[in-house]
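Since the structure comes first, as structure tokens, the remarks are kept for the end.
The values are calculated or read from the model by the stated rules, or taken from the named source; none is laboratory data. Small disclaimer: the values here were computed from a predicted structure and weren't measured. Positions of Cβ are backbone-derived with ideal geometry, glycine not excepted, and every protein chain shown enters the neighbour counts. Ligands, DNA and RNA are excluded from the accessible area calculation, which covers all protein heavy atoms including side chains. Shrake-Rupley method; radii C 1.70, N 1.55, O 1.52, S 1.80 Å.
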Amino acid sequence: MDSLKEDREDVKLLTAWVSPYGMRAMIGLAEKGIKYEYVEQNLRDKSPLLLQMNPIHKKVPVLIHNGNPISESLIVLQYIDNVWNSPHTAFLPSHPYDRAIALFWADFADKKVCFPGLETFRTKGEVQEAAKCEFLQNLAILEGELKGKNYFGGDRFGLVDIALTPFTSWFHRCLERDSVKKTLPNPEKVLVTATEIRKRRLGEI
Ligand code: GS8
């Protein structure tokens, strides 16, 4: 019955191969073993489907589940965790306090590490230096939080790990996971595209 139910599920992911936010959703879907249609988006010429599905932010990723769009990668991950819920693959702890703490660190990782991390290649001069400083300081805070644990959630690969992994290449334990290996693109290919994005943002090309 369950597999029949799953066969009828219509799951699409609007993303762009280089988007670390999109990779979060892909890792989440891979962790749950969900089959989905990957729909690559050109962020320089946004599709009517993307604009219709995410009219507020107009960004990827957008998960479309049976026609219903969900955007913002951390919300997408929580949605995936709630819909394809199983105690063996839970991204968040079940205890409300532990859950709140995990959400706190996922939010910290998102706003205080991933965002300034991306800002370091989008900007230059003083703004870039400030972003770099913030990124490194907050990475040290996260490192302290990881102290002696396999993953942020202890022994379980969870929301905070998924939120961070696409942005980093030094969480080797995470990189060993199939869901991550299958998802993360070749770093050299990312570098070429990231350099092009930086030049475009800075008006150099
Ligand atoms: C960020 C998504 C995002 O920035 C999330 O999903 O967590 N808070 C959101 N997506 C980028 C691609 S990755 O750099 C995007 O879609 N950019 C298009 C644009 O800014 O126009």
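Some notes on this structure:
- Cβ-placed point charges (K, R +1; D, E -1), dipole of the range 1-100 about Cα centre in debye, nearest 20: 340 debye
- Rough spin-label spacing in nm, given labels placed 7 Å along Cα→Cβ, for Glu9 and Lys58: 3.2 nm
- Nonpolar atom fraction for the chain, defined as the carbon and sulfur part of the 1.4 Å probe accessible area, stands at 55 percent.
- Other residues lying with their Cβ under 15 Å from the Cβ of Arg200 contribute a combined charge of +3, Lys and Arg counting +1, Asp and Glu -1.
- Packing-based order for 73-80, 40-47, 130-137, using average beta carbon neighbours within 10 Å, highest first: 73-80, 130-137, 40-47
- By DSSP, the beta bridges lying fully in the chain are antiparallel in about 70 percent of cases.
- Summed over the residues of the chain and divided among them, the accessible surface reaches 58 Å² per residue at a probe radius of 1.4 Å.
- Greater than 27 Å apart at Cα, pairs in Lys111/Lys149; Lys132/Lys182; Lys12/Lys149; Lys12/Lys124; Lys59/Lys111; Lys35/Lys59: Lys132/Lys182; Lys12/Lys149; Lys12/Lys124
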